[in-house]
Every structure is written in structure tokens, then in C-alpha cells.
Amino acid sequence: MSGCTVQRLEAPGLTFLKVSGTVDETFSASQLSGQIRADTILHLGKVTRFSSFGVREWVRLMKDLQGRVKHCILVECSPAVVNQLNMVVDFAAGAHVKSVQLPYACQRCELDKMVTVDVDAQRAELLAGTLPQVPCPQCKNPMVFDDLPGSYLAFLRDSAATEPGSPMARFIASFEQAAPKLGDLDALPGQNQVAAVPAAPAPAPAPVIDPTVMPPDMRPAGGGMKWAALAVVALVVVGGGFYMFGRSQGGGDTVNGSGTGNGNDGPIGQRPPGPPPPPPVQGPRAMTTEEGLELQSMLNNQRFTEALEFIEKHKTVWLEDSVAKATSLVQTSRTDTVQKLLMQAQIETQENRAQKASETLGLAIALGGETDQALFRQISLERRIGNCPAVLATADAIAQKYPESPYLKQAGDYKKACLAPPAISTGELKRAMAARKADIEGCLKAGLGPDQARSTIDVAWTVSTTGSVTAASCTTPAFNKSTLCQCLTQQVKLLRFSEKPGVQARRGAYTFTPG
């Protein structure tokens with residue numbers, strides 16, 4: 001069964017396509033391209049994910065349209081589409097991104113919501129990090145943007161806005177009149193079917209267009225041409241980058257080993273002896289091409305430690321410039337790999353693939369260390385699965401290690417949500433704690449240090465759908481490693497809750513007063 005559905009509607013001079021589901025190996029760029037004969041609007045609000053095959057087919061489709069269709073617009077791009085816009089060169093391939101969906105979340109109601117914004121009308125505000133204020137449909141409190149604006153909307157920095165009066169601007173201003181309202185697209189028929197709308201006669205075949213020549217009436221829309229140029233540069237650097245480390249080792253012409261440049265110096269066996277070979281060059285040398293290829297093989301397979309050991313081994317024979325360039329190459333490759341892993345973990349978190357996201361994050365941290373970005377991705381994952389103790393501990397780690405981090409505010413928002421009144425009812429909380437009252441009071445009567453006397457200690461925990469406590473931790477930094485903290489968390493893990501079991505994981509929190 002196909003993971004992707006495409007709904008198509010023809011109007012005079014216009015093709016509407018609504019893509020839904022997973023773009024995977026069932027998605028055929030050539031088949032879909034053959035159905036497009038006019039200016040195109042792609043509605044992508046229901047796309048949930050892309051497989052690696054699906055990404056390749058999508059780029060093929062967009063490049064084909066770039067050579068045949070004058071105007072192509074992407075509307076209501078889902079988070080799965082936005083992630084690919086940020087990661088994949090030529091994902092839009094000259095098409096104009098008109099609107100995207102922004103993910104919001106209510107930390108109190110645990111409600112998610114997608115909000116569509118017009119990136120043309122709000123480009124300046126979005127690039128400045130100013131996002132729309134969205135109230136929660138249930139509690140009416142402000143929802144928070146469930147990502148980082150600078151990261152999520154990074155593709156906007158490399159795309160151009162439409163200029164007033166340009167052909168693309170005129171097309172955008174008129175397409176809503178020539179096509180059905182986007183809100184009615186759910187009524188469109190399935191793939192390869194045509195809705196009951198009079199279709200324009202098929203236009204005459206378009207003349208052959210040289211894709212390297214810009215049409216005279218169009219300026220490039222978006223950053224497609226810029227990305228293409230960057231892709232060429234990247235190929236040049238990767239393909240020939242190691243030649244900058246080496247130099248030609250050849251000498252003059254040598255034929256038959258005589259060193260004279262010709263084979264006619266006399267009868268065989270009677271040739272005059274050639275000059276003696278030059279003595280071997282002493283001292284540091286440049287990295288050879290073979291060594292460069294060996295180093296690149298290590299980087300391609302993410303064997304970064306081995307690559308650094310390889311450089312260390314050759315430090316005594318390489319020129320300082322070769323050592324510096326090789327070391328920089330390893331660092332750049334490691335950083336790029338870590339960034340790709342963090343982006344992959346973000347996508348897996350949004351798709352609720354918690355186990356896979358956790359594994360990807362672990363690999364990113366193993367390669368790049370516990371950066372503030374990696375810790376924030378960890379918070380996002382723990383928030384998604386409802387593990388408040390882990391959210392609180394990781395938020396504190398960011399605050400302590402990276403006090404200037406741009407992720408600090410959003411991490412603090414997630415922490416506040418976990419410290420809010422418990423999701424379990426007050427009556428149920430009292431009943432559960434009354435069952436362990438004696439043991440809890442025993443913990444609170446234990447001796448405290450002078451700096452801890454007359455203090456309070458906060459404990460947060462997660463209640464599973466069966467009513468048991470799956471995780472607990474102290475959220476007061478001064479008590480994190482104290483005996484009192486260990487005693488209280490042990491008792492909290494023994495609490496049992498029974499009200500509305502099996503509905504969803506819930507949060508609990510309580511402030512204890514020692515003495």
C-alpha cells in the first residue's frame with residue numbers, strides 16, 4: 001500500500017497538487033511530472049515524512065519542473081517539508097515557498113497545534129525571530145513555539161522574496177482566483193483522477209529550454225541558483241581537496257630508464273650511463289594524494305579518532321601547513337556529522353520515534369560532546385515522552401554549563417511546565433502520600449547541613465498509565481546529591497496512583513519541608 005497520496009485538480013492554466021503521507025519508494029517523480037502541464041501549486045501541509053528514496057525522487061521532480069514550468073509555488077509546508085528545505089540542496093529547486101506551518105504546543109494542556117504563516121508577508125518578522133502569538137484552544141493561555149525560530153526558519157535566509165510587479169508576484173496575486181480555496185482541498189479526488197472542473201485544453205508542447213539560461217522575464221525565485229552554485233563548489237572541494245596538500249613528484253621525460261628522453265642513444269647494452277639519481281629529499285614534505293585519500297576514507301566512515309591518530313603519526317614528516325589543513329578537515333567533518341545527527345534526532349522526535357531519536361542523540365553526543373544544542377534536543381525528546389524529571393535535570397545542566405545559551409529560555413519554559421501543579425488530582429496525591437507518611441517523615445527528620453536547615457526541597461516524578469512512578473528526581477539544586485534527596489526519591493518511587501489509570505502518563509510534584 002502506498003505511503004503517499006497525490007490529489008490533482010486541473011484549472012485553466014493551472015495544476016493543483018496536494019501531497020499527503022510519507023514520500024517514500026512508492027513516489028514516482030517521472031509519473032507525476034508527466035501529469036503537470038501548467039503552472040503548479042503544491043500543497044504540502046499533510047506530508048508527514050520523507051524517506052531517503054523519497055527525497056531523491058522529490059528533488060528529481062522539482063528539477064524537472066524547473067525546466068518546464070514557469071511558476072511553481074509550495075504552500076502550507078509541513079514541518080517534515082521545512083526540515084528538508086533546511087537540509088537538502090535543491091529541495092525546492094527554484095520553486096517559491098509561499099507559506100509554512102509552525103509547530104506550537106501548550107505546556108499546560110499538552111496540546112499540539114500547527115499554525116500556517118505567509119512567509120512573504122511576514123518575512124522580516126520571521127527572520128528577526130518574531131513569531132505569531134497563538135492562544136491554546138482549550139485553556140486560552142499562550143502556546144509556545146515547539147522549536148527554535150533561527151533553526152526552523154533557516155531556509156528563509158537563503159531564499160529571495162518576490163519583488164512587487166515581478167511575474168512571480170503577479171502569479172501569486174492571481175492564483176487564489178484561478179484555483180479552489182486551500183481549505184477545500186480535502187475534497188479533491190485521488191491520484192490520476194480529475195475533479196469536475198472544466199479543464200483547459202492541453203497547451204502545445206513547450207519548446208526545448210536550456211536550463212542553464214535564465215528566462216528573460218523571470219528572476220530566480222528562492223535560493224535555488226545559489227544552492228546550485230554552492231553544490232558545485234562543494235564537489236570541487238571534496239573531489240580535489242586533497243590535491244592542495246600534495247605536489248607533483250614527477251621529473252622530466254624518461255624513456256626506457258635512460259633519462260635522455262629518447263631511445264636512440266646507441267645499440268642496446270651500449271647506452272652511456274645516465275646521471276645518478278638525485279638524493280632523497282630530507283625534511284618535512286606535503287601530504288601525498290594517497291595519504292589524503294586514506295584520510296578521506298576515514299572521515300567518510302566517521303572514524304574521527306582514527307583520523308586524528310593518522311595525523312599525529314605523520315606530524316614529523318608533513319609540512320605544518322598540511323598538518324593544519326588535515327586537522328581542520330577532520331574538525332569540519334566531525335561538526336557537519338554532528339549537526340546532521342542532531343537534525344535527524346529532531347525529525348525522529350517530531351515523528352514520535354522516541355527510541356530511534358534517543359539512539360541518534362547518543363551518537364551525536366558521543367561525537368560532539370554535550371553541547372547546549374544536544375542538551376536541548378534531549379529536553380525536547382524527554383518532554384515529548386512526558387519524562388519531567390529528565391527535563392528538569394537537563395534544563396539545569398544547560399543553565400549551569402551554558403548561561404549564555406540561546407536555548408536557555410525555551411529550556412526554562414519546559415522546566416516551568418514540569419514544575420506546574422501536578423496533573424494528578426490533589427485528593428489522589430494526598431491519598432497516595434498518606435500510605436507512605438511514616439517513611440517520608442523519617443526521611444525529613446534526617447540530619448541536615450547548616451546551609452540546608454529551614455530549606456524546602458522539591459521533588460518531581462512521572463506516573464505511568466498503570467499508576468506506578470517510573471522516574472523521580474529532586475529539582476532543588478542544593479539537594480541534588482544529598483542523602484535527603486535519595487531518601488525522598490526512593491519513597492516517591494513507591495507511591496501508587498489509581499485515578500483514571502491507563503489514560504496517559506501524568507506528572508506529579510511536591511514541596512517537602514524537612515524538620
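The values are calculated or read from the model by the stated rules, or taken from the named source; none is laboratory data. Worth saying up front: this structure is predicted, and the values here are computed from it rather than measured. Reconstructed Cβ throughout: ideal geometry from the backbone, glycine too, with neighbour counts over all protein chains shown. When the accessible area is computed, the model is the full protein with side chains, heavy atoms only, and any ligands, DNA or RNA have been set aside. Shrake-Rupley method; radii C 1.70, N 1.55, O 1.52, S 1.80 Å.
Would you grab the residues whose amide H sits under 5 Å from the one on SER473? Only those 5+ places off in sequence or on another chain, please, with H modelled 1.01 Å from N.
ALA460
Measure off 7 Å from each Cα along the Cα-to-Cβ vector at GLN122 and ARG496, then give the distance between these two points in nanometres to one decimal.
For the pair GLN122/ARG496, the computed spacing is 5.0 nm.
Amide H neighbours of VAL47 under 5 Å, at least 5 residues apart or on other chains, H built in the peptide plane: list them.
For VAL47, the qualifying residues are GLY21, SER78.
Measure out, as a whole number of angstrom, how far apart the alpha-carbon centroids of segment 280-344 and segment 27-74 sit.
Distance between centres, Cα-based: 39 Å.
For segment 1-73, what's the relative contact order in percent, using C-alpha pairs closer than 8 Å and at least 6 residues apart?
Across segment 1-73, relative contact order equals 32 percent.
Mind giving me the nanometre distance, one decimal, between the label points for ALA438 and LEU111, set 7 Å out from Cα along Cα→Cβ?
Taking the two extended label points, one gets 4.6 nm.
Can you tell me the order of 433-443, 325-335, 80-90 when each peptide is scored by its average per-residue count of other Cβ atoms within 10 angstrom, highest first?
80-90, 325-335, 433-443
Once R0 is set to 25 Å, what does the formula 1/(1 + (r/R0)^6) return for the Cβ-Cβ distance between GLN133 and ALA154, expressed as a FRET efficiency to the nearest 0.05?
0.65
Please work out the FRET efficiency for the pair GLU309 and GLU404, using the Cβ-Cβ distance as r and a Förster radius of 35 Å; give the result to the nearest 0.05.
Plugging the Cβ-Cβ distance into 1/(1 + (r/R0)^6) gives 0.55.
If contacts are Cα pairs under 8 angstrom and at least 6 residues apart, what is the relative contact order of segment 1-132 in percent?
Computed value for segment 1-132: 18 percent relative contact order.
What FRET efficiency comes out for the pair THR465/ASP336, r = Cβ-Cβ distance, R0 = 60 Å, nearest 0.05?
The formula returns an efficiency of 0.90 here.
Hey, what's segment 80-152 come to in accessible area per residue, 1.4 Å probe, Å²?
Per residue, segment 80-152 has an accessible area of 41 Å².
How much length would be gained if the chain were fully extended between SER30 and ALA366, taking 0.36 nm per residue of separation minus their Cα-Cα distance, in nm to one decimal?
Residue separation times 0.36 nm, minus the Cα-Cα distance, leaves 116.9 nm.
Report, by chain and number, residues whose modeled amide H sits under 5 Å from the one on THR116, excluding near sequence neighbours (fewer than 5 apart, same chain).
LEU102
Kindly identify segment 360-515 as rounded, prolate or oblate by the Cα gyration tensor criterion: order the square roots of the eigenvalues as a ≥ b ≥ c, call it rounded if a/c is under 1.5, otherwise compare a/b with b/c, prolate if a/b is larger, else oblate.
Numbers: a/c = 2.24, a/b = 1.33, b/c = 1.68.
Verdict is oblate for segment 360-515.
Tell me the relative contact order for segment 297-412 as a rounded percent, counting alpha carbon contacts under 8 Å between residues six or more apart.
17
Summarise the accessible area of segment 356-408 (1.4 Å probe, protein heavy atoms) by the percent that is carbon and sulfur.
Answer for segment 356-408 is 53 percent, counting heavy atoms of protein chains only.
Per residue, what accessible area does segment 363-515 have, given a 1.4 Å probe and all protein chains present, in Å²?
Heavy-atom SASA per residue in segment 363-515 reads 51 Å².
With the Cα gyration tensor of segment 306-386 giving a ≥ b ≥ c as the square roots of its eigenvalues, does the rule (a/c under 1.5 for rounded; else a/b larger than b/c for prolate; else oblate) give rounded, prolate or oblate?
prolate
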